[in-house]
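Nothing in this text is a laboratory measurement; each read-out follows from the coordinates by a stated rule. Small disclaimer: the values here were computed from a predicted structure and weren't measured. Glycine gets a Cβ as well: all are built from the backbone with ideal geometry, and neighbour counts include every protein chain shown.
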Amino acid sequence: MMTNLFSTFDPSTNLFNLSLNWTSTFLGLLLIPTLFWLTPSRINIMWNKLNLTLHNEFKTLLGTNSFNGTTFIFISIFIMMMFNNFMGLFPYIFTSTSHMVLTFTIALPMWLSFMLFGWINHTNHMFTHLVPQGTPAALMSFMVLIETISNVIRPGTLAVRLAANMIAGHLLLTLLGNTGPSLTMNLISLLIFGQMMLLILESAVAMIQAYVFSILSTLYSSEVY
């Protein structure tokens, strides 16, 4: 019996006092060399098609003034987030994206780099973003305050959105799973079916949240040009 509902998210896996929780984050690196040495397979073709689709979408959002290769930063973030979200769905594997340590570590430096680049190279453009077009003169100071606050909390909202969505689904799966020993056979079959449906939903959430994180990062970067 769990002592705490959130104990499933505790970083407690270790071997010889060496923490093994975050190793799941780097397991995707083992798959990269095969893409260069094997002949193209269906997986490679699907992967390349995914990269091309994301590249075209991010390029549209960034506009023509963006630097060449900028889209690959956000494609890499999408792939990393999606991989770690899916890894967390396997039993006994640490869900790194459910922790603010990972999500905030990615969101904050990225947002800071956007802000520094924008304020240093496009200062006037950044000032114009603080006052939306058509704002009455009486509300301008108020709008500057609101826009400044919304800019400052962006890395926090990016990090919390991803972590909270991953925690919510895992908690629901854990709560339902803990009721299994006290149920009858008929109810257990319903519980298994419900768990399977939730797992399919969580698979969709894993992909959607990775896409939302990367697309919002792209939108934030497009505002500094």
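For region 69-159, averaging the sequence separation of C-alpha pairs within contact (under 8 Å, six or more residues apart) and dividing by the residue count gives a relative contact order of 27 percent.
Each residue, Ser113 and Leu27, gets one label point 7 Å from its Cα in the Cβ direction; the gap between the two is 2.7 nm. Helix 140-152 axis versus longest C-alpha principal axis of the chain: approximately 40°, rounded to the nearest ten. Against the empirical 2.2 N^0.38 Å (N residues), region 140-197 has a Cα radius of gyration ratio of 2.01. Kirkwood Rh, the chain, all Cα pairs: how many Å? That comes to 20.4 Å for the chain. Extension gain for Thr70-Thr184 works out to 35.5 nm (0.36 nm per residue, less the C-alpha to C-alpha distance). Between the alpha-carbon centres of region 163-184 and region 45-63 there is a gap of 35 Å. What's the FRET efficiency of Gln133 with Leu50 using the Cβ-Cβ distance as r and R₀ = 22 Å, to the nearest 0.05? About 0.05, to the nearest 0.05.
So how strong a dipole does the chain carry about its Cα centre when Lys and Arg Cβ are +1 and Asp and Glu Cβ are -1, to the nearest 20 debye?
Working: 5 positive and 5 negative charges, 58 e Å.
Charge dipole, the chain, about its Cα centre: 280 debye, nearest 20.
Across region 100-106, coupling constants 3J(HN,Hα) worked out from phi with the 6.51/-1.76/1.60 Karplus curve, θ = phi - 60°, read 5, 4, 7, 5, 6, 5, 7 Hz, and Gly and Pro carry x.
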